[in-house]
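Below: the structure, in structure tokens.
The values are calculated or read from the model by the stated rules, or taken from the named source; none is laboratory data. What you are looking at is a predicted structure, and each value in this text was computed from that prediction instead of being measured. Please note: Cβ atoms are built from the backbone with ideal geometry, for glycine as well, and neighbour counts cover all protein chains shown.
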């Protein structure tokens, strides 16, 4: 018996199935799980089953998804460990959480996202909508806390400003404490282990997360849609600049100057207090809001919105001739792929013989590839102008 499938096959042998059916089932198990079923842990399985309940009584369980939640457990562990390093061994939270009035826009943003997660989880439990609750927990930890807020804190803790540092520490602790308690019903073991590593508030001295009060909306009514809209706009800028850096094959430690051209005061106001976050999350040397006359030659450009464009100063940071050659090769390869995709869609009876889902997927591939091709053409043209 092959080692990866030993446990799977054992359940078949301990049954009343006909030998031929057993052999057929073995082959099916090998096809479905060529490397066996990986160990994912109780928390990951529990979380996955709760996330699946929207499907009804029968669940088509995807092992890869369960394994993904195991990686999520690792992310929780690493994020908490990293956050505790920021807090330090001598950190003591306030007796009860309250705003000090010194919070940054990013502090208030993460509090708004936390309030949304608290509200969604409570509503999910009340209506037995467990997928909504698991999604809220997952999104808060992975996308809001880990991907954005923790990264945005780096310049704060490097600034030496004690008031800003202490304010952010209090907010970070609140995120960990509340975030773990939100997640506890779905992942009781890893959250308990991490909860035991946190200092306690006097208002919540529970010895275990299993008996700690579950966060309720009445205590977390800090949603701020206007601020969330502003940060969402800033995150879009970050995404576009990162994409631009990737287009030109720039190393992460290559710090470039970025210029933002905003055509209206509303856009400028939206970005107020978020420059440092954009600077940090794009690994840029400087971020400056500028008009057309202040933007130097040799910049790559990306459109953020109807009223905002971002310029990345490339001149002096890349070998232009070498980069043009690389992008030309990539363009030729992509053009060939698009031609093949279009030829496949032009065969006789394509519309009648090919299932609608396959045709739709094929069409999406062509659209995405053409979009990427246009970006390559634009990048090449920008470099040629710089080289002239």
*Going through the stretch 217-229 one residue at a time, which ones are modelled with pLDDT of 95 or more and either part of a loop (DSSP other than H, G, I, E, B) or on the phi > 0 side of the Ramachandran plot (or both)?*
222, 223, 224
*Scan the stretch 118-128 and give yes if some residue there is crowded, with 17+ Cβ neighbours inside 10 Å, under 16 Å from residue 144 (Cβ atoms), under 17 Å from the mean Cα position of the chain (by Cα) and at pLDDT 95 or above, otherwise no.*
no
*For the stretch 83-98, state whether one or more residues are outside any helix (DSSP H, G or I), modelled with pLDDT under 70 and either touching a helix residue (DSSP H, G or I) at 6+ places or on another chain (Cβ under 7 Å) or under 24 Å from residue 197 (Cα atoms) (or both).*
no
*Just for the stretch 227-250: of the residues that are surrounded by fewer than 17 Cβ atoms within 10 Å (Cβ to Cβ) and out of contact with any helix residue (DSSP H, G or I) (no Cβ under 9 Å at 6 or more places or on another chain), which one is farthest from residue 319 (Cα to Cα)?*
232
*Mind listing whichever residues of the stretch 160-173 are in contact (Cβ under 8 Å) with a residue 12 or more places away in the chain and either out of contact with any strand residue (DSSP E or B) (no Cβ under 9 Å at 6 or more places or on another chain) or at positive phi (or both)?*
163, 164, 167, 168, 169, 170, 171, 172
*Name, by its number, the condition in (1) touching a strand residue (DSSP E or B) at 6+ places or on another chain (Cβ under 9 Å); (2) surrounded by 19 or more Cβ atoms within 10 Å (Cβ to Cβ) that does not hold for residue 94.*
(2)
*Counting only residues that are surrounded by fewer than 20 Cβ atoms within 10 Å (Cβ to Cβ) and not in a helix (DSSP H, G or I), which one in the stretch 157-184 is modelled with the lowest pLDDT?*
160
_Search result, residues across the stretch 194-216 that are at pLDDT 95 or above and not in a loop (DSSP other than H, G, I, E, B)_ = 194, 195
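Residue by residue, here is whether (1) part of a helix (DSSP H, G or I); (2) in contact (Cβ under 8 Å) with a residue 24 or more places away in the chain; (3) in contact with a helix residue (DSSP H, G or I) (Cβ under 6 Å, 6 or more places away or on another chain); (4) on the phi > 0 side of the Ramachandran plot holds:
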position	(1), (2), (3), (4)
277	yes, yes, yes, no
311	no, yes, no, no
352	yes, no, no, no
357	yes, no, no, no
_On the basis of being surrounded by 11 or more Cβ atoms within 10 Å (Cβ to Cβ), in contact with a helix residue (DSSP H, G or I) (Cβ under 9 Å, 6 or more places away or on another chain) and over 30 Å from residue 297 (Cα atoms), does residue 383 make the cut?_
no
*How many residues does the stretch 100-127 contain that are in a loop (DSSP other than H, G, I, E, B) and in contact (Cβ under 8 Å) with a residue 40 or more places away in the chain?*
4
*Would you point out which residue out of 300, 379 is on the phi < 0 side of the Ramachandran plot, within 32 Å of the chain's Cα centre (by Cα) and not in a strand (DSSP E or B)?*
379
_Of all residues being outside any helix (DSSP H, G or I) and either within 13 Å of residue 379 (Cβ to Cβ) or free of Cβ contacts under 8 Å to residues at least 24 places away in the same chain (or both) in the stretch 317-345, which is farthest from the chain's Cα centre (by Cα)? Just the residue, please._
345
*Being farther than 22 Å from residue 46 by Cβ and out of contact with any helix residue (DSSP H, G or I) (no Cβ under 8 Å at 6 or more places or on another chain), is that true of even one residue in the stretch 101-115?*
yes
